[in-house]
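Below is one structure, written out as structure tokens; comments come after it.
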Amino acid sequence: MGEGNPRRVDAYRKPAAAHRASYPLVEFYDTSQDAARFPGGQFVSRYYMTDLLEDDSIAVSLDTMLKNGNQFSLDGGIPAWTVEGDDLAKVNDFLKKSCMEFSGSLPGDEKDEDGYSLTGEAKDATASRNGLSRNQMGIEEKAAECKETATVLANGNAL
């Protein structure tokens, strides 16, 4: 992302994969490529914003990379598609600002009454999905009770 090799980074608020549909995506483009062939730059890679801003079991945040003096390789096979130093700091700052605009907090921040957390959103979705499963089991139990009552009534065994 140096001056001699400009690149573009965009944070998208469009839905991502179904299992993480509410997480914004961040796409990296190489704008040094042939503009006629790649009008917006050549697509390089795409990441979930939270993977870039939050340390977890899968990903190391850009903050951690910066603190450790690491570089961020967008494609291991192409050395030019590596972000480091000041460029990495610019991407990190841009993403933090975008995340604050999008959600009002950064991943991993404590969620206050008025706050919003992308991590919390994932937990809420899991809780909702689990709640639906419990509701479905309750409905199935009620349906079985109704079927049993209908059978009793049909056989004339009503009390």
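The values are calculated or read from the model by the stated rules, or taken from the named source; none is laboratory data. This one's a predicted model, so the numbers in the text were calculated from it and none came from an experiment. So basically every Cβ, Gly included, is an ideal-geometry build from the backbone, and we count neighbours across all protein chains shown.
Table for the structure above
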{"item": "Residue pairs meeting the criteria (Cβ under 8 Å; at least 6 apart or on separate chains; first more than 13 Å from W81 (Cβ to Cβ), in segment 29-41; second at pLDDT 90 or above and not in a loop (DSSP other than H, G, I, E, B))", "result": "F38/Y29; F38/D30; G40/Y29"}
{"item": "Residue within segment 87-95 that is in contact with a strand residue (DSSP E or B) (Cβ under 7 Å, 6 or more places away or on another chain), among the β-branched types (V, I, T) and at pLDDT 80 or above present", "result": "yes"}
{"item": "Of all residues making up segment 48-71, the number that are modelled with pLDDT under 90 and not in a helix (DSSP H, G or I)", "result": "8"}
{"item": "Some residue of segment 64-82 being farther than 22 Å from P107 by Cα, in contact (Cβ under 8 Å) with a residue 40 or more places away in the chain and assigned by TED's automatic domain parsing to the domain that holds P24", "result": "yes"}
{"item": "Residue that is nearest to the chain's Cα centre (by Cα) [pool: residues in segment 52-75 that are among the hydroxyl-bearing types (S, T, Y) and farther than 21 Å from E27 by Cβ]", "result": "S57"}
